[in-house]
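Novice: Let me give you the structure first, and then I'll get to my questions.
The values are calculated or read from the model by the stated rules, or taken from the named source; none is laboratory data. Model, not experiment: these values are computed from the prediction. Don't worry about glycine lacking a Cβ; one is built from the backbone with ideal geometry, like all the others, and counts go over all protein chains shown.
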Amino acid sequence: MNSKNEEGRSASNATPAAAPCAIVIFGATGDLTARKLIPAIYNLTRDGVLPRSTVVIGFARRPKTDEQFRQEVLDGVIKFSRSRPVEPAVWNDLSSRIFYHQSTFEDAAGYRSLAQRLTKLDQTHGLGGRRLYYLSTSPVEFGTIVDQLLETGLGNFDPFNQAAWRRIIVEKPFGRDLQTARDLNTHINRAFDESQVYRIDHYLGKQTVQNLMVFRFANGIFEPIWNRRYVDHVQITVGETIGVEGRGGYFETAGTLRDMVQNHLMQLLALVAMEPPVALDGDAIRDEKLRVLRSIPLFGGKDVAERTIRGQYTPGQVNGQPVIGYLQERGVHPDSTIETYAAVKLFINNWRWHGVPFYLRSGKLMKRQGSEVNIHFNSAPGVLFNAQANRVSRNVLTLRIQPGEGISLLINAKRPGTATKIAPVHMDFEYHETFGSYSPEAYERLLLDAILGDSTLFIRRDEVESSWAIIDGIEQGWEQGLSPLTRYEPGTWGPVEADALLAQDGRLWDALGSNDRDKGPQ
C-alpha cells in the first residue's frame, strides 16, 4: 500500500502552520484523556504551536456539564503536564474552548447533535470543517463509532475542499490477531480512506525513537558497518517495574506478546533494521519498515519451541515491598496461562541482515524500568591480545529510549600503568545534558503531526497486518504447548529460560539501564 495523504503533500516539504480544527475525543472520561491527551493539548497551546481557535470536544456516556469536564481535565493537567505549574492565562483561554458531549457510542441521535454542534463551532471559531477524531475507547467500540461517523456524514472527506479535512486517530491494540486486524482495518476503511487513518503507537512519538533515523542516516560513520559483516547480534528490551496495575481483565485478552512485542518492539526493530528511505515522508519511511517486517520468516512449530520464551510473575518482593503474583491480580483467571514476559529470537532474511539474530524481550515487574536497543558488533581479532582475550569486550552501541534518553558506545581502552591491561569504557551522551531542555511528550508530537497531516510516525495498515502475521505463528505454537509457560520472581530479569535462549548461542542479555556490561567476550 502506497497511499498519499489527502492534501497530496510530502512531509519533506516545508511543514505548514497548523490550521484550527475540532478535536473530538471519544471515551473522554477515560484515563488517557486526563493523563496524556489534554496535557498534550495544553502544552501545544502554551508553546504557541496549536492555533488559539482550536476546540476540544469530549464525547462519552456519563452525564456532566462543560464546567465539570473542564475541572476534571484541569486536575489531569495539574498532575501530569510536563510544564508546571499551570499558567492561568493559558488554561483559561484553552478551557473556554473545551466542551463535553454526552452520548452513548451507539446512539445515532448523539452523533447528529454532535454534527450540529460542530457546525456551530465552525462558524464561531473559524474551523473550516476540519475534524480530528480520537478513538480513546475500548477496541470493541471502534467499529460502532466508525459506523456512526459514516452514517451521519461526519467522516466524509470532500476532495474538492481539501481544507475541510477529516482524520481519525486509532489507539492500539489494532486487533488481537491477523484476522481481527484485517477486519478492523476493513471496517475503518469503509468510512475513512487509508490516508485519513492515523494508527498511533506512542513509542514512535518519543524523541529518541525519532532520533534513530537521524543517528543512522545523518552520521556517515555508522552506515558502512550497519550490516551482517560487522554486527554480531541486536537486543531490544522494554522492561517495566510494575505489574498489570488493575488491568488484569484487559491483560487476560492480550498478554505481553500482543500488548508490547507486536507493536512497540516490532516498530523499534523495523526502524533499526530498515534501509535508507528515498525521502523523509510518511510513505517512503513506512515502505522501508514494511520491507523489514515482510523479510522476517514466519514462525513454525520448531521455531516456537526453540526461539521463544514466555513467563509469568509469581508473588515476591520489589524493593523490600511484597507484591502479588499475576494469578492473584484482580480480573485474572486463577489458572491463567497468559504471559507477562516474552522473549523472541528472530531473523531478517535480507541482504543486510541475513544470519544476524535479533533478540526481543519485554516483561512486567522486572529489575529495572526502561527501553533500549543494543547493537553488538563483532569482536576484534584476538591476535594482538591473546593473553587477555577474556578481558576484551565487544563494542556495544546502546540507544536508550527511556529513561536517561541518549546514546552510549562501549569501547576497549588501556588502563593507566606500565602493564597492558584492557578495560571497557563508555562514551556516553544524554539528550537532556547536551540540549538542556525537556523533550515534548510523545502525544504532543503525534497529535500535532495528525493535525498537520504528517503520517510519518503513525502505522500503516500493511505494517499492522505484517506484524500480526509474525505474532500469530508464535501464539499458535504457544496454544499447542510448544513453549511451556515458565515462572519468574518479581524484581528479576525474567525467567532463567530466557537466559538460556542467549546462552545456547554463547551470548548474554545486557543489563537494562546500566553501563555495567559483561566484561568478557560474548
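Novice: Are any of the residues in region 414-422 touching a strand residue (DSSP E or B) at 6+ places or on another chain (Cβ under 9 Å) and surrounded by 20 or more Cβ atoms within 10 Å (Cβ to Cβ)?
Specialist: no
Novice: Which condition breaks for Glu141 when tested against (1) surrounded by 20 or more Cβ atoms within 10 Å (Cβ to Cβ); (2) modelled with pLDDT of 90 or more?
Specialist: Among (1) surrounded by 20 or more Cβ atoms within 10 Å (Cβ to Cβ); (2) modelled with pLDDT of 90 or more, Glu141 violates only (1).
Novice: Another one. For region 281-315, which positions are outside any helix (DSSP H, G or I), in contact (Cβ under 8 Å) with a residue 60 or more places away in the chain and farther than 29 Å from Thr486 by Cβ?
Specialist: If the condition is that a residue be outside any helix (DSSP H, G or I), in contact (Cβ under 8 Å) with a residue 60 or more places away in the chain and farther than 29 Å from Thr486 by Cβ, then Asp281 is the only one that fits.
Novice: Please pick out the residue among Ser95, Ser83 that is farther than 14 Å from Leu37 by Cβ, surrounded by 19 or more Cβ atoms within 10 Å (Cβ to Cβ) and of a type in the set (Ser, Thr, Tyr).
Specialist: Result of the check over Ser95, Ser83: Ser95.
Novice: So Gly249 clears everything in (1) more than 22 Å from Ala279 (Cβ to Cβ); (2) at pLDDT 90 or above except one condition, right? Which one?
Specialist: Gly249 satisfies every listed condition except (2).
Novice: Would you check if there is a residue in region 228-247 being touching a residue at least 60 places away in the same chain (Cβ under 8 Å), in a helix (DSSP H, G or I), surrounded by 19 or more Cβ atoms within 10 Å (Cβ to Cβ) and under 20 Å from the mean Cα position of the chain (by Cα)?
Specialist: no
Novice: Taking Leu485 as the residue in question, decide whether it is surrounded by fewer than 23 Cβ atoms within 10 Å (Cβ to Cβ), farther than 30 Å from Ala284 by Cα and of a type outside the set (Gly, Ala, Ser).
Specialist: yes
Novice: On the given criteria, is Ile470 under 12 Å from Ile309 (Cα atoms), modelled with pLDDT of 95 or more, in the same structural domain as Asp428 (by TED's automatic domain parsing) and part of a helix (DSSP H, G or I)?
Specialist: It is false that Ile470 is under 12 Å from Ile309 (Cα atoms), modelled with pLDDT of 95 or more, in the same structural domain as Asp428 (by TED's automatic domain parsing) and part of a helix (DSSP H, G or I).
Novice: Moving on to the next point. If I go through region 72-104 residue by residue, how many of them are within 26 Å of Lys120 (Cβ to Cβ) and in contact (Cβ under 8 Å) with a residue 40 or more places away in the chain?
Specialist: The qualifying residues number 14.
Novice: Would it be correct to say that Ala498 is surrounded by fewer than 22 Cβ atoms within 10 Å (Cβ to Cβ) and among the small types (Gly, Ala, Ser)?
Specialist: no
Novice: If you go through region 345-365, how many residues are closer than 12 Å to Pro297 by Cα and not in a loop (DSSP other than H, G, I, E, B)?
Specialist: 2
Novice: Of the conditions (1) assigned to a loop (DSSP other than H, G, I, E, B); (2) modelled with pLDDT under 95; (3) buried (at least 23 other Cβ atoms within 10 Å of the Cβ); (4) not polar (S, T, N, Q), Val332 satisfies every one except a single condition; which number is it?
Specialist: Tallying (1) assigned to a loop (DSSP other than H, G, I, E, B); (2) modelled with pLDDT under 95; (3) buried (at least 23 other Cβ atoms within 10 Å of the Cβ); (4) not polar (S, T, N, Q), Val332 fails exactly one: (3).
Novice: Condition check: buried (at least 20 other Cβ atoms within 10 Å of the Cβ) and either among the aliphatic types (A, V, I, L, M) or assigned to a strand (DSSP E or B) (or both). Does Val278 satisfy that?
Specialist: It is false that Val278 is buried (at least 20 other Cβ atoms within 10 Å of the Cβ) and either among the aliphatic types (A, V, I, L, M) or assigned to a strand (DSSP E or B) (or both).
Novice: Here is a further query. Give the residues of region 406-438 that are in a strand (DSSP E or B), more than 17 Å from Ala380 (Cα to Cα) and β-branched (Val, Ile, Thr), sorted by residue number.
Specialist: Ile407
Novice: Of the residues Ile145, Ile169, Ile200, which is hydrophobic (A, V, I, L, M, F, W, C), over 23 Å from the mean Cα position of the chain (by Cα) and closer than 22 Å to Tyr443 by Cβ?
Specialist: After applying the criteria, what remains is Ile145.
Novice: I'd like the residue in region 381-403 that is outside any strand (DSSP E or B) and modelled with pLDDT of 80 or more and, out of all such residues, is surrounded by the most Cβ atoms within 10 Å (Cβ to Cβ).
Specialist: Arg394
Novice: Look at Leu269 and say whether it is at pLDDT 95 or above and under 26 Å from the mean Cα position of the chain (by Cα).
Specialist: In short, yes.
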